[in-house]
Amino acid sequence: MTVTRSFRPHRFGLPMLASRQVVGWISLLLILLGLCAAPNSSASDKKQEKPYALLFGTVWGPDNRPVYGVRILIRRADKKKAQWELYSNHMGEFAQRLPAGKAEYIVWADLKGYKSLDGKQLSPGDEVTAHIEYDERLDIGVHLK
C-alpha cells in the first residue's frame with residue numbers, strides 16, 4: 001500500500017510552505033520600512049553634550065601620602081557657598097566636571113568630623129585656586145597640615 005501525501009491547503013487557501021514564505025517577505029518588508037522611516041542619526045542630530053573642564057586633584061597628608069575620605073568643596077571665586085562637594089577616594093584622588101570657559105575656582109578640604117585611620121589630628125591646608133580657560137583638564141594638589 002502506498003501512501004501519497006497531498007498538499008493540504010492552509011485555511012487561507014495557500015499551501016503551508018507558501019504561507020510561511022509570504023509571512024517572511026512581509027516581515028522583511030516591514031523591517032525595511034521601519035529602517036527607512038527611522039530618523040537618520042547623524043552627529044548634528046544627536047543631542048550635543050556641553051563642553052566641560054575637568055578638575056582633578058589629590059589630597060596629601062602632612063607626611064606627603066595620599067589621604068582617603070576627605071571632604072572636598074569647590075566654589076567659583078566670585079561666590080561664597082560651595083557649589084560642588086565630593087570625597088577623595090582610596091588613592092586620595094578626586095575629580096569634578098566644571099563648566100568650560102574662563103573662570104576661577106576655589107578648592108578646599110573640610111575636615112569637620114574627619115577621623116584619620118592612624119588617629120592623628122589633621123588640619124586643613126591653604127585653599128587652592130584653580131584657573132580654567134577652556135574645556136581642559138587641570139591637576140591640583142590639596143595639602144593638609
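The values are calculated or read from the model by the stated rules, or taken from the named source; none is laboratory data. All values reported here derive from a predicted model rather than from experimental measurement. Heads up, the Cβs are rebuilt from the backbone with ideal geometry, glycines too, and the neighbour counts pull from every protein chain shown. Surface accessibility is based on the protein's heavy atoms, side chains included, excluding ligands, DNA and RNA. Shrake-Rupley method; radii C 1.70, N 1.55, O 1.52, S 1.80 Å.
Some points to look at:
- Qualifying positions in region 89-134 - β-branched (Val, Ile, Thr) and without any contact (Cβ under 8 Å) to a residue 60 or more places away in the chain: ILE106, VAL107, THR129
- Candidates GLU93, GLU104, GLU85: the one that is out of contact with any Asp or Glu (no Cβ under 9 Å at 6 or more places or on another chain) and surrounded by 11 or more Cβ atoms within 10 Å (Cβ to Cβ) is GLU93.
- HIS143 meets the conditions (1) surrounded by fewer than 15 Cβ atoms within 10 Å (Cβ to Cβ); (2) touching a Gly at 6+ places or on another chain (Cβ under 7 Å) in every case but one. The failed one is (1).
- Hey, ASP126 within 22 Å of PRO51 (Cα to Cα), in contact with a strand residue (DSSP E or B) (Cβ under 9 Å, 6 or more places away or on another chain), open to solvent by 40 Å² or more (accessible area, probe 1.4 Å) and part of a loop (DSSP other than H, G, I, E, B) or not: no
- Check on PRO66, free of Cβ contacts under 8 Å to residues at least 24 places away in the same chain, buried (at least 16 other Cβ atoms within 10 Å of the Cβ) and farther than 29 Å from GLU49 by Cα: no
- Selection status of LYS46, modelled with pLDDT of 80 or more, open to solvent by 50 Å² or more (accessible area, probe 1.4 Å) and either β-branched (Val, Ile, Thr) or not in a strand (DSSP E or B) (or both): no
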